[in-house]
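A.B. asks: Please read through the structure below; I'll follow up with questions.
The values are calculated or read from the model by the stated rules, or taken from the named source; none is laboratory data. From a predicted model like this one, the values you see are computed outputs, not experimental measurements. Every residue, glycine as well, gets a Cβ built from its backbone with ideal geometry; the counts of neighbours run over all protein chains shown.
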Amino acid sequence: MNYRFFPATAMPDSDWWQALWPDPLNVLDQMSIEAGMVAVDLCCGDGLFTAPLCGIASRVYAIDIDPDMLDRARTLIAGKTNCQFILADAMNIETVVSEPVDYVLLANTFHGVPDKTGLARAVAAILKPRGRFIIVNWHRRPREETVVLGQPRGPRTEMRMEPDEVARTVEPARLRLARLVELPPYHYGVVFEKPAT
């Protein structure tokens with residue numbers, strides 16, 4: 001199979017990932033997740049956010065294009081029965097998720113999506129009314145200033161986006177910006193909501 005990875009979105013090694021996100025459950029709490037929701041972890045990687053999602057949501061779809069990452073996520077989430085793992089391109093979310101959902105999380109990936117508005121439209125198509133699309137992203141700071149475990153980390157500086165840029169890209173998909181949350185030291189989260197009608 002020929003996989004089409006989004007640029008600059010490869011999964012980092014687990015040591016610095018854990019250093020950057022020591023409490024993924026707290027991040028989800030800040031990003032408007034609610035008990036009983038049907039959720040998607042889009043581009044789930046090794047399952048760092050998928051695991052706590054499974055403890056909150058009634059059902060979780062963990063989607064990634066990399067079979068090795070999905071295997072790592074399966075191992076991390078072993079024993080939980082409310083997660084379906086799907087090998088797929090994020091752009092095909094409409095065709096691989098079998099029901100309307102309440103919540104779609106996209107963490108540390110949006111900067112590399114070539115057709116950002118197209119992805120937002122695909123997400124909007126599977127969201128229930130008042131469903132939420134959450135994007136966790138790097139602030140536009142010079143890469144040499146975003147140091148984790150002694151080394152610069154994250155995408156190239158020119159790929160990073162501030163929240164207003166993300167909003168301008170996502171809002172044409174008829175998703176409105178509901179909340180902005182700072183996620184120190186280097187990230188922010190934006191919560192978009194699908195209109196009720």
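A.B. asks: Could you give every pair whose Cβ atoms fall below 8 Å, whose first residue belongs to segment 103-117 and is under 9 Å from CYS43 (Cα atoms), and whose second residue is of a type in the set (Gly, Ala, Ser) and part of a strand (DSSP E or B), counting only separations of at least 6 or pairs across chains?
C.D. replies: So the pair list comes out as LEU105/ALA39.
A.B. asks: In addition: Please determine whether any residue of segment 31-40 is modelled with pLDDT of 95 or more, in contact with a helix residue (DSSP H, G or I) (Cβ under 7 Å, 6 or more places away or on another chain) and part of a helix (DSSP H, G or I).
C.D. replies: Within segment 31-40, not a single residue is modelled with pLDDT of 95 or more, in contact with a helix residue (DSSP H, G or I) (Cβ under 7 Å, 6 or more places away or on another chain) and part of a helix (DSSP H, G or I).
A.B. asks: Does ILE77 fit the bill of being within 20 Å of LEU28 (Cβ to Cβ), in contact with a strand residue (DSSP E or B) (Cβ under 6 Å, 6 or more places away or on another chain), modelled with pLDDT under 95 and surrounded by 18 or more Cβ atoms within 10 Å (Cβ to Cβ)?
C.D. replies: Taking the combined requirement at face value, the residue satisfies it.
A.B. asks: Then there's this: Take segment 129-167 and flag every residue that is among the polar types (S, T, N, Q), outside any helix (DSSP H, G or I) and either surrounded by fewer than 16 Cβ atoms within 10 Å (Cβ to Cβ) or out of contact with any Phe, Trp or Tyr (no Cβ under 8 Å at 6 or more places or on another chain) (or both).
C.D. replies: Hit for segment 129-167 is GLN151, nothing else.
A.B. asks: Sticking with this structure for a sec: Take segment 52-96 and flag every residue that is over 17 Å from the mean Cα position of the chain (by Cα) and hydroxyl-bearing (Ser, Thr, Tyr).
C.D. replies: SER58, THR75, THR81, THR95
A.B. asks: For segment 89-111, name all the residues that are of a type in the set (Gly, Ala, Ser) and surrounded by fewer than 17 Cβ atoms within 10 Å (Cβ to Cβ).
C.D. replies: If the condition is that a residue be of a type in the set (Gly, Ala, Ser) and surrounded by fewer than 17 Cβ atoms within 10 Å (Cβ to Cβ), then SER98 is the only one that fits.
A.B. asks: Could you pull out every one of the strands (runs of 3 or more DSSP E) wholly within segment 56-128 that has 3 or more residues that are of a type in the set (Val, Ile, Thr) and out of contact with any Cys (no Cβ under 7 Å at 6 or more places or on another chain)?
C.D. replies: Because the criterion is at least 3 residues that are of a type in the set (Val, Ile, Thr) and out of contact with any Cys (no Cβ under 7 Å at 6 or more places or on another chain), no strands (runs of 3 or more DSSP E) in segment 56-128 meet it.
A.B. asks: Are any residues in segment 48-74 crowded, with 21+ Cβ neighbours inside 10 Å, of a type outside the set (A, V, I, L, M) and farther than 19 Å from TRP21 by Cα, and if so, which ones?
C.D. replies: TYR61, ASP64
Residue-by-condition table, conditions (1) touching a Gly at 6+ places or on another chain (Cβ under 7 Å); (2) at positive phi:
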| position | (1), (2) |
| --- | --- |
| LEU42 | no, no |
| GLY47 | no, yes |
| ALA62 | yes, no |
| ILE65 | no, no |
| ALA73 | yes, no |
| ILE77 | yes, no |
| ASN82 | no, no |
| ILE86 | no, no |
| THR95 | no, no |
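A.B. asks: Further, regarding this structure: Would you confirm, using the coordinates I've provided, whether VAL170 is part of a strand (DSSP E or B) and surrounded by 12 or more Cβ atoms within 10 Å (Cβ to Cβ)?
C.D. replies: Judged against the criteria, VAL170 is not a match.
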